[in-house]
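Chemist: Please see the structure below; I have some questions.
The values are calculated or read from the model by the stated rules, or taken from the named source; none is laboratory data. Since this is a predicted model, take the numbers as computed values, not measurements. In this analysis, Cβ positions are derived from the backbone assuming ideal geometry, glycine residues included, and neighbour counts consider all displayed protein chains. Just the protein is used for accessible areas: all its heavy atoms, side chains included, with ligands, DNA and RNA removed. Shrake-Rupley method; radii C 1.70, N 1.55, O 1.52, S 1.80 Å.
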Amino acid sequence: MCRLLKISNSGLTMLACLFHDDKERARANGIAFGGLSLGIILGFPFGSTVYQFLGRQAPFLILAAITLIDGALRLLVDVPSETEKHQRSNFKNFMQLLTDPYILIGLGCNFILHIGLGVMCTTSPAWILGNLHADQWNLGVILVASSTLQMIAQYLAGVHATGITSRWLYCMAGLILFGAGMAVYPMCPSKWFVIGPEIVSRIGLGMALAVLSALLAHLVDIRHHSDYGTIYGLYCASYNLGFVVGPIIGGYMVKAVGFEWLYRGTAALMIVYSFLCFACRNAQTNTSLVKNELIASIQDESVQDYGATRSI
């Protein structure tokens, strides 16, 4: 239901509207996605521990209470009274976003990342337990270590990646690191060697995710009418679609071609797609958009001057 109501989409849109400065927005996105990784780190041990000692219903009741408290605290947050006016979304703006090649590259990057993550989440635990003879707690240690470094990578990338030039580099590097980690994954001889490629993959994922939302918001600013709601709706749809396609492909292909070739193929897809990020380095401002905004500002100033003259 939260996915259906676009709760994450609303949060990203709120950050984009409140932080008009590009650097401040990137920093806020890095902190927000760091919170996402922190939730992943704490979620698994929290769920297993509470389930073990307090029963099946306890984790869900505790999370429901925390969510209600968080929603109530959101009402106490002060929202600036003077906010930038944004053009309302319509079908024409939606189609303009879908036909913008730079937007499509960013959404495709998000989609490919979550395909890889879906493949890993579906197939790696069973492979580690079955082929490397690991225990359940070994999986927890591997996940906590990799997710912790993912959180650090997301925060650092969000803080330091300012401007479209550095962001496309971070996206490209993130895809390459994720692909490199997946390519090496099947070569691990024992359970503890898995930590290395898992960490590399998670760092790459964190780097790319931290800058993608800010990159898309910046592209919307310079090429469209700051339509944050629509772009973040497409952003959430792309990673949800990746999470649907990834496990389906992983579950089917691991039986058809084997674990090694599945990971090598997914890694090759990420590395090849990463070179499309080169196109974003030359993202040009939409001149017609700038012209329309200039005309609108001149008209607003004329109306204000006319009103001031009449009052005199």
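Chemist: Compute the distance in nm between two label points, each set 7 Å from the Cα along the Cα-to-Cβ direction, one at LEU38 and one at PHE94.
Modeler: Rounded to a tenth, the inter-label distance reads 3.6 nm.
Chemist: What order do you get for 194-201, 268-275 when each peptide is scored by the mean count of other beta carbon atoms within 10 Å, highest first?
Modeler: Details: 194-201: 21.1, 268-275: 17.4.
With the highest mean Cβ count within 10 Å placed first, the list reads 194-201, 268-275.
Chemist: Counting only protein chains, not ligands or nucleic acids, how are ILE103, ILE248, ILE152 ordered by accessible area (probe 1.4 Å), most first?
Modeler: Accessible-area ranking of ILE103, ILE248, ILE152, largest first: ILE248, ILE152, ILE103.
Chemist: Next question. THR162's amide H: which non-local residues (gap 5+, or another chain) put their own amide H closer than 5 Å, with H modeled 1.01 Å from N in plane and none for Pro or chain starts?
Modeler: Hits under the 5 Å cutoff: none.
Chemist: Using the Kirkwood radius over Cα pairs, work out the Stokes-Einstein diffusion coefficient for segment 97-219 at 25 °C and 0.890 mPa s, in µm²/s as a whole number. Don't skip to the end; give the middle numbers.
Modeler: Values: Rh = 15.0 Å.
This corresponds to a translational diffusion coefficient of 163 µm²/s.
Chemist: Starting from the Cα of VAL245, step 7 Å along the direction of its Cβ; do the same at SER166; then give the gap between the two resulting points in nm.
Modeler: The two pseudo-label positions are separated by 3.1 nm.
Chemist: With a point put 7 Å past each Cα toward its Cβ, work out how far LEU73 is from GLN52 in nm, to one decimal.
Modeler: Each label point is offset 7 Å from its Cα along the Cβ direction, giving 2.7 nm.
Chemist: Convert each backbone phi in segment 243-256 into a coupling constant with the Karplus relation 6.51 cos²θ - 1.76 cosθ + 1.60 (shift: θ = phi - 60°), then list the ³J(HN,Hα) values in order as whole Hz, x for Gly and Pro.
Modeler: 3J(HN,Hα) across segment 243-256, in whole Hz: 5, 7, 6, x, x, 5, 5, x, x, 7, 6, 5, 7, 7.
Chemist: Next question. Once phi is turned into ³J(HN,Hα) by the Karplus curve 6.51 cos²θ - 1.76 cosθ + 1.60 with θ = phi - 60°, what whole-Hz value does each residue of segment 171-179 show in order, with x for glycine and proline?
Modeler: 4, 5, 5, x, 5, 5, 5, 4, x
Chemist: Give me the mean projected area, in nm² to one decimal, of the convex hull enclosing the Cα positions of segment 164-221. Walk me through the numbers on the way to the answer.
Modeler: On the way: hull surface 15.0 nm².
Averaging across all directions leaves 3.7 nm² for the Cα convex hull.
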